[in-house]
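*Asks:* This is the structure I want to talk about, given as structure tokens.
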Amino acid sequence: MTTPEPQPPTPDPVSKDRVYRSPMGIVGGVLLLAIVLWLGLDALIRGEGRTQWLALAALILLVPLVSAFTLRPAVYANEERLRIRNPLRVIVLPWGQIASLRSGYSNEVVAKSGTKFQLWAVPVSLRARKKAARRSARAAAERSAAARGERGGRGGGGTGFGGLGFGAPRADLAADGQVRAETDKVMDDLRELLEHRQQEESAQGEVTVRWAYEVAGPALAGAVVLLILLTMP
């Protein structure tokens, strides 16, 4: 009779990432890549002499850069850390190392060391903020009109403001009654995670920054070849 070997402890399940990306950035990147590839391949096929080499060098330079600044940016958040994939870097910040999340003309995270990292995947749209502010003002006016109608005894009769549906809740309103732009909603989600997870033991660690050599390498090689070709007589 043999003694069963002890089983190793089951690892704790890793929390699933929430992924935030810019839909308009992706659309713009796909369109730019299509134009670059169309022009570059056309020059490669139909060009002659040095034109083909110039087209090849331009493709090696532009394709990684366009992809890096449009398709690559993303923000991954789970219960342990925030991972930021920017065009040329990947930054991993445990929640315990984050001092704050700021929104101004850009969205950024500030580490406790004072270092700031921009969230490329969550761009600020001043136009969207103005639109959200107008919708907030409109919603506030509707609530005020509905309240006046109820005080006047017309809320349930269908002839006053209440009967016109001004008091109905709106799905796009936040808990404080304000309409938020999409990127501001993302920052609210991240701030909520920071508030709840910052002191947890599993959310501690060191900030790590890795350069995206897979992007910088080809782009640098393409730039060097393009410069050599352009300076050659």
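*Asks:* Criterion first (in contact with a Gly (Cβ under 9 Å, 6 or more places away or on another chain), on the phi < 0 side of the Ramachandran plot and part of a helix (DSSP H, G or I)) does LEU37 satisfy it?
*Replies:* Details: in contact with a Gly (Cβ under 9 Å, 6 or more places away or on another chain): no; on the phi < 0 side of the Ramachandran plot: yes; part of a helix (DSSP H, G or I): yes.
No, not satisfied.
*Asks:* How many residues are in contact with a strand residue (DSSP E or B) (Cβ under 9 Å, 6 or more places away or on another chain) and basic (Lys, Arg) when one looks only at segment 35-86?
*Replies:* Residues that pass the stated criteria total 4.
*Asks:* So, one more: Suppose the filter is closer than 24 Å to ALA181 by Cα, assigned to a helix (DSSP H, G or I), touching a Pro at 6+ places or on another chain (Cβ under 9 Å) and open to solvent by less than 50 Å² (accessible area, probe 1.4 Å); does GLY29 pass it? First the steps, then the outcome.
*Replies:* Numbers: closer than 24 Å to ALA181 by Cα: yes; assigned to a helix (DSSP H, G or I): yes; touching a Pro at 6+ places or on another chain (Cβ under 9 Å): no; open to solvent by less than 50 Å² (accessible area, probe 1.4 Å): yes.
So GLY29 does not fit the description; no.
*Asks:* Moving on to the next point. From (1) farther than 26 Å from LEU93 by Cβ; (2) in a loop (DSSP other than H, G, I, E, B), pick out the condition that doesn't hold for ALA221.
*Replies:* (2)
*Asks:* Now for a separate question. Just name the residue that is modelled with the highest pLDDT out of those in segment 95-120 that are assigned to a strand (DSSP E or B) and among the hydroxyl-bearing types (Ser, Thr, Tyr). Break it down stepwise before answering.
*Replies:* First, pick out the residues of segment 95-120 that are assigned to a strand (DSSP E or B): 98-103, 107-111, 116-118.
Filter again for among the hydroxyl-bearing types (Ser, Thr, Tyr), leaving 100, 103.
On the way: SER100: 93, SER103: 87.
Only one residue tops the list, namely SER100.
*Asks:* For segment 45-66, how many residues are in contact with a Leu (Cβ under 7 Å, 6 or more places away or on another chain), open to solvent by less than 50 Å² (accessible area, probe 1.4 Å) and not β-branched (Val, Ile, Thr)?
*Replies:* 5
*Asks:* Continuing with this model, one more query. Any chance you could count how many residues in segment 83-93 are over 14 Å from the mean Cα position of the chain (by Cα) and crowded, with 20+ Cβ neighbours inside 10 Å?
*Replies:* 1
*Asks:* Right, here's the next one. With respect to LEU37, determine if the residue is in contact with a helix residue (DSSP H, G or I) (Cβ under 6 Å, 6 or more places away or on another chain), surrounded by fewer than 20 Cβ atoms within 10 Å (Cβ to Cβ) and of a type outside the set (D, E, K, R).
*Replies:* Spelling it out, it is not the case that LEU37 is in contact with a helix residue (DSSP H, G or I) (Cβ under 6 Å, 6 or more places away or on another chain), surrounded by fewer than 20 Cβ atoms within 10 Å (Cβ to Cβ) and of a type outside the set (D, E, K, R).
*Asks:* So is VAL124 among the hydrophobic types (A, V, I, L, M, F, W, C) and modelled with pLDDT of 90 or more or not? If you could, list the steps in order and put the result at the bottom.
*Replies:* On the way: among the hydrophobic types (A, V, I, L, M, F, W, C): yes; modelled with pLDDT of 90 or more: no.
Here the answer is no, as VAL124 does not meet what is asked.
The values are calculated or read from the model by the stated rules, or taken from the named source; none is laboratory data. Values in this document were obtained by computation on a predicted structure and should not be read as measured data. Using ideal geometry, Cβ is built from the backbone for each residue, glycine included, and neighbour counts are taken over all protein chains shown. Accessible surface areas use protein heavy atoms only, side chains included; no ligands, DNA or RNA. Shrake-Rupley method; radii C 1.70, N 1.55, O 1.52, S 1.80 Å.
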